[in-house]
């Protein structure tokens, strides 16, 4: 069963159009959404959360139309947006009391455990929190009402490397329950590479690919060659290229590479950059 399923989703703003494209996250999996600023990542998340109206397509959350999922289905969905917002004067204890009134499945013990794990001060008002502390508090709330699906927009932004590693481990723990799933958008591609089962590339509103992360390593490789060697390649095997002072770095489909060619392993960030350059 898919925890989240988008079919032919589309949204237009003036000269920008997102989609149409299909995207799905199987239960028990984490999907990382990669894209440059303005690619459509936040718009996609807002469409999933029914924060904006769609121009076409469908969004289903646990096989229910997302317009039926809010507010009735909010218990099942934990959300951390790019800007975490709570009333400026509230502290963590007061926020916990408010959340207990919002979510029937609120788990105060779990919430207090996350506050302790993140070393968040109990009495300091939200307005005095750093960006990283705000993100940690948003994550603590999202994980404390027994959600089955996490929707995360840049959740590790503003966190130091140690805190990012801890948060990545938390999300990994979350999907050890096969009934859970995570959609995470991030500019920190190294976090996604460690965490995700699936990777989706958005570029200028277009979905370039959505694939299992491990299959990307199997299907693509980097061929470092001279311009003459590049010209001899089968065009259908070339996904993207980058010219350097030392020659050409070509992103190839491994099944179309020349026999005997040595292809280097491609990382997710390099794969996205080379595919996006070609898409231009």
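A search for C-beta distances below 9 Å between a residue of segment 223-238 that is free of Cβ contacts under 8 Å to residues at least 24 places away in the same chain and any residue that is exposed (fewer than 11 other Cβ atoms within 10 Å of the Cβ) and assigned to a helix (DSSP H, G or I), counting only pairs 6+ apart in sequence or on different chains, returns 237/255. Of all residues in segment 119-158, those satisfying the criterion of being surrounded by 21 or more Cβ atoms within 10 Å (Cβ to Cβ), assigned to a loop (DSSP other than H, G, I, E, B) and within 16 Å of the chain's Cα centre (by Cα) are 155, 156.
Do we have residue 53 as within 26 Å of residue 200 (Cα to Cα) and modelled with pLDDT under 95 here? Judged against the criteria, residue 53 is a match.
Within segment 70-98, the residues that satisfy the criterion of being under 25 Å from the mean Cα position of the chain (by Cα) and either free of Cβ contacts under 8 Å to residues at least 60 places away in the same chain or not assigned by TED's automatic domain parsing to the domain that holds residue 38 (or both) are 70, 71, 72, 73, 74, 83, 84, 85, 86.
Among the residues of segment 101-116, the one identified as modelled with pLDDT of 95 or more, surrounded by fewer than 16 Cβ atoms within 10 Å (Cβ to Cβ) and in contact with a helix residue (DSSP H, G or I) (Cβ under 8 Å, 6 or more places away or on another chain) is 108.
The residue list 211, 178, 173 contains one member that is over 22 Å from residue 249 (Cα atoms), part of a loop (DSSP other than H, G, I, E, B) and out of contact with any helix residue (DSSP H, G or I) (no Cβ under 6 Å at 6 or more places or on another chain), which is 178. Figure legend. Inter-residue proximity from segment 114-143: first residues assigned by TED's automatic domain parsing to the domain that holds residue 87, second residues surrounded by fewer than 16 Cβ atoms within 10 Å (Cβ to Cβ) and assigned to a helix (DSSP H, G or I), beta-carbon distance below 6 Å, spacing 6+ or different chains. Indicated pairs: 122/93. Residue count for segment 125-140 under the criterion of being in contact with a helix residue (DSSP H, G or I) (Cβ under 8 Å, 6 or more places away or on another chain) and farther than 21 Å from residue 165 by Cβ: the result is 1.
The values are calculated or read from the model by the stated rules, or taken from the named source; none is laboratory data. Because the structure is predicted, anything quoted here is derived from the model rather than measured. As a convention, Cβ positions derive from the backbone with ideal geometry for all residues, glycine included, and neighbour counts pool all protein chains shown.
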